[in-house]
């Protein structure tokens, strides 16, 4: 993943030989201010997915490794009960809406029968060399009604042509075209830059080819790949967005809409399955996963949770159970049925649009309402969390807000911050109140709120 990339970003930015080509449909290119920079329809659709999973499975799985060196023989890959349907069902039970498959990690072993190299499943004993795990996964994901994504590592520790940048560009583009043209619509394409010191990639050509076959796929990349990425890495693998989260990134005076994706594994410190006891012991608790969710999705980002099939090609039973428990906990805590604001005393139609459990309707800040959205719960309720969603099609406009409760004599502040973004979850000490309000204290342009939800303390 990105652990080894962090210290190399300055060098990597030079080595990548970046040009100034943005995605052809990104409206943000001509914007000259943060508030005027807006997302593409594809970025909006991606942000609405909220939560996905990232599947690591390959030769590393059979060798107890996190980082392959490209020397493992293809024969080591031989799962006997591989079932991507199980992966997709388990992910869906957790609430995930898309699945990204690591089709080729840094070791270079391909999970589909690529025509660019013999280092793939076609040279393994699995299904007598006739298997195609990318196709099996794409079909399973489609059956579950989820979105499919692909991770194709630019760094390749096996392929001899990697030493020749131009020759490798031809090789990588060939693999990209195979994946982009042969497996149906993709919602995301991962460009993981780890290990790429000194190597020059023709990213402009890669992205141009990808757009030919997958115009709606979101390209995930570090901010160093500013001109090519549609979404950006959060900067850590612990599942946390630090500080205020703004969707617009400024790099050398250029502004781009680049929402953040937060990657973290289900097993602490393990992306691939491992036979050591440390792997089993590292399974995150439901509380830890909830904190990951609240500190990523709950801070306006997107969570992608790493899951790892074992040598059979199955997620361990404990992992399947934990994913289901996490999904149930999410529904209990943040599902529509838990939203006490939804049963509010009848209010005007404008306010109703933000209190109806419907993401497609919204309330706007006007001179008349002075940026105050008030909800009367009809009775005194003890609450400890609020969830606010901003409509982002026209940009991110909220610059400051407060959540306040009426204590019978005055409004008291429960939470305050600057950014709302796609979704903001605020947690505060339990307070009993009947009247609660969201007050937009600072905004640029016309701020719009899709939802304002309140949840009772457990």
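For segment 325-384: of the residues being outside any strand (DSSP E or B) and on the phi > 0 side of the Ramachandran plot, which is farthest from the chain's Cα centre (by Cα)?
Looking at residues that are outside any strand (DSSP E or B) and on the phi > 0 side of the Ramachandran plot, I get 370.
For residue 229, all conditions in the list (1) in contact with a strand residue (DSSP E or B) (Cβ under 6 Å, 6 or more places away or on another chain); (2) part of a loop (DSSP other than H, G, I, E, B); (3) in contact (Cβ under 8 Å) with a residue 60 or more places away in the chain hold save one; what is the number of the exception?
Answer for residue 229: the failing condition is (3).
Yes or no: segment 318-327 includes at least one residue that is in contact with a strand residue (DSSP E or B) (Cβ under 9 Å, 6 or more places away or on another chain) and surrounded by fewer than 20 Cβ atoms within 10 Å (Cβ to Cβ).
Among the residues of segment 318-327, at least one is in contact with a strand residue (DSSP E or B) (Cβ under 9 Å, 6 or more places away or on another chain) and surrounded by fewer than 20 Cβ atoms within 10 Å (Cβ to Cβ), which makes the answer yes.
Conditions tested, residue by residue: (1) over 30 Å from residue 38 (Cα atoms); (2) crowded, with 19+ Cβ neighbours inside 10 Å.
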site: 249; (1), (2): no, yes
site: 260; (1), (2): no, yes
site: 272; (1), (2): yes, yes
site: 279; (1), (2): yes, yes
site: 282; (1), (2): yes, no
site: 289; (1), (2): yes, yes
site: 299; (1), (2): no, yes
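Is it the case that residue 217 is in contact with a helix residue (DSSP H, G or I) (Cβ under 6 Å, 6 or more places away or on another chain) and either surrounded by 20 or more Cβ atoms within 10 Å (Cβ to Cβ) or touching a residue at least 12 places away in the same chain (Cβ under 8 Å) (or both)?
So residue 217 fails the test.
Only residues that are over 22 Å from residue 197 (Cβ atoms), surrounded by fewer than 14 Cβ atoms within 10 Å (Cβ to Cβ) and in contact with a helix residue (DSSP H, G or I) (Cβ under 7 Å, 6 or more places away or on another chain): list them for segment 163-185, please.
Once the filter is applied, which keeps residues that are over 22 Å from residue 197 (Cβ atoms), surrounded by fewer than 14 Cβ atoms within 10 Å (Cβ to Cβ) and in contact with a helix residue (DSSP H, G or I) (Cβ under 7 Å, 6 or more places away or on another chain), segment 163-185 yields 181, 184.
Restricting attention to segment 102-116, does a residue exist that is surrounded by fewer than 22 Cβ atoms within 10 Å (Cβ to Cβ), more than 19 Å from residue 189 (Cβ to Cβ) and assigned by TED's automatic domain parsing to the domain that holds residue 190?
Yes, because at least one residue in segment 102-116 is surrounded by fewer than 22 Cβ atoms within 10 Å (Cβ to Cβ), more than 19 Å from residue 189 (Cβ to Cβ) and assigned by TED's automatic domain parsing to the domain that holds residue 190.
Quick one: count up the residues across segment 181-208 that are touching a strand residue (DSSP E or B) at 6+ places or on another chain (Cβ under 8 Å) and either over 27 Å from residue 147 (Cα atoms) or part of a loop (DSSP other than H, G, I, E, B) (or both).
Matching residues across segment 181-208 total 8.
Working carefully through the options 331, 278, 325, find the one that is under 30 Å from residue 418 (Cα atoms) and modelled with pLDDT of 95 or more.
Within the list 331, 278, 325, the selection yields 331.
The values are calculated or read from the model by the stated rules, or taken from the named source; none is laboratory data. If you're wondering where the values come from, they're calculated on a predicted model, not measured in any experiment. Backbone-built Cβ (ideal geometry, glycine too); neighbour counts: all protein chains shown.
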